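The values are calculated or read from the model by the stated rules, or taken from the named source; none is laboratory data. A quick note: this is a predicted structure, and the numbers were derived from the prediction, not measured. Glycine also receives a Cβ, built like all others from the backbone with ideal geometry; neighbour counts cover every protein chain displayed.
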Amino acid sequence: MAQVQRISSNNTAVARENGKVVSVVLHNTQVFTRQGDVITLNSGGYATGTTATRLNQVRNECELPFSVYRREGYIYAQFGPLPERHDSTEYDFTHKPVSYNLATGEVTQG
């Protein structure tokens with residue numbers, strides 16, 4: 001089982017501004033971005049275990065309110081604080097990035 005407390009550096013580039021993670025690139029895919037209060041998750045079409053693990057590492061290290069998981073060849077995210085997150089809508093972001101506004105809770109996809 002992969003360690004999920006900190007972002008792995010294996011095939012991964014992490015950009016930080018003022019101590020905050022603002023970008024994570026896995027191989028050649030920017031899988032995570034943060035612009036102000038908006039975070040964006042992007043699988044780049046790669047619904048892999050490594051993508052899900054890396055994004056969950058970002059979540060844990062940055063204490064962000066989302067969860068990422070894979071099921072039947074697709075990759076999904078759920079947003080919001082626990083425990084409500086587990087009852088919230090799941091967003092398939094296998095082929096389209098999904099964004100979450102940390103201030104408003106609004107989710108957009110596309």
Ser23 passes all but one of the listed conditions (1) in a loop (DSSP other than H, G, I, E, B); (2) closer than 20 Å to Ser8 by Cα; (3) among the hydroxyl-bearing types (Ser, Thr, Tyr); the exception is number (1)
Over segment 61-110, the set of residues free of Cβ contacts under 8 Å to residues at least 60 places away in the same chain, small (Gly, Ala, Ser) and surrounded by 11 or more Cβ atoms within 10 Å (Cβ to Cβ) is Ser67, Ala77, Gly80, Ser88, Gly105
Just one listed residue, out of Val25, Val21, Val58, is surrounded by 12 or more Cβ atoms within 10 Å (Cβ to Cβ), touching a helix residue (DSSP H, G or I) at 6+ places or on another chain (Cβ under 6 Å) and among the aliphatic types (A, V, I, L, M), and it is Val21
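State yes or no: is Val14 more than 17 Å from His95 (Cα to Cα), of a type in the set (A, V, I, L, M, F, W, C) and modelled with pLDDT under 95?
yes
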Residues of segment 30-58 being under 10 Å from the mean Cα position of the chain (by Cα), farther than 12 Å from Tyr100 by Cα and without any contact (Cβ under 8 Å) to a residue 40 or more places away in the chain, in sequence order, are Val31, Thr51, Ala52, Leu55
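Going by what's in this entry, would Val14 be described as of a type in the set (A, V, I, L, M) and under 20 Å from Thr108 (Cβ atoms)?
On the way: of a type in the set (A, V, I, L, M): yes; under 20 Å from Thr108 (Cβ atoms): no.
No: the conditions fail for Val14.
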Is it the case that some residue within segment 75-97 is closer than 20 Å to Ala15 by Cα, out of contact with any Phe, Trp or Tyr (no Cβ under 8 Å at 6 or more places or on another chain) and among the aliphatic types (A, V, I, L, M)? no
